[in-house]
Amino acid sequence: MLGFGQFVDFYGGTLKTTGSLVTARTISLLALGGIIDTNGFNSTFSGNIINSGSLTKTGAGTLTLTGTNTYSGGTNLNGGILAVNGDGNLCGGKGDRSQRGGAAMGWWQDARTHPPGGASTHRSYG
């Protein structure tokens, strides 16, 4: 079971999956943000991601975000793949986005993809 009630709160913590995870719970990123380590598995978060903290994705595997996400602390991709359907799934189109190493961000519906590569920070993709 992931959290309790409707929300899963992060205040600097890490969720490391031990298998594929599919959840519709609301993820609340508080001041210190949160880290999702997919640990070589594929996970889907269809609930909204809210509040002012940052989201960091680590580990091999794919994290797919399908909710309408409004978190404003930015997105850090430090491993694996982060898949979204558009800017609304990625901090509401606001906040910095960074990726490192062989990590890749991709949009699956409108065919926009960002190539993997070295450390980079982006404010928008086009």
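The values are calculated or read from the model by the stated rules, or taken from the named source; none is laboratory data. What you see is a predicted model, and the numbers here were worked out from it, not measured in a lab. Cβ atoms come from the backbone with ideal geometry, glycine included; neighbour counts cover every protein chain shown.
Is it true that ALA111 is modelled with pLDDT of 90 or more and in a loop (DSSP other than H, G, I, E, B)? For ALA111, the condition - modelled with pLDDT of 90 or more and in a loop (DSSP other than H, G, I, E, B) - is not met. For the stretch 1-37, taking the residues that are of a type outside the set (A, V, I, L, M) and under 16 Å from ILE81 (Cβ atoms), the one that is surrounded by the most Cβ atoms within 10 Å (Cβ to Cβ) is identified as ASP37. I need every pair where a residue in the stretch 1-27 that is outside any loop (DSSP other than H, G, I, E, B) has its Cβ under 6 Å from the Cβ of a residue that is at pLDDT below 90, sequence separation at least 6 or different chains. Pairs that qualify, where the first residue is outside any loop (DSSP other than H, G, I, E, B) and the partner is at pLDDT below 90, are VAL8/LEU2; THR23/LEU2; THR26/GLN6; THR26/PHE7.
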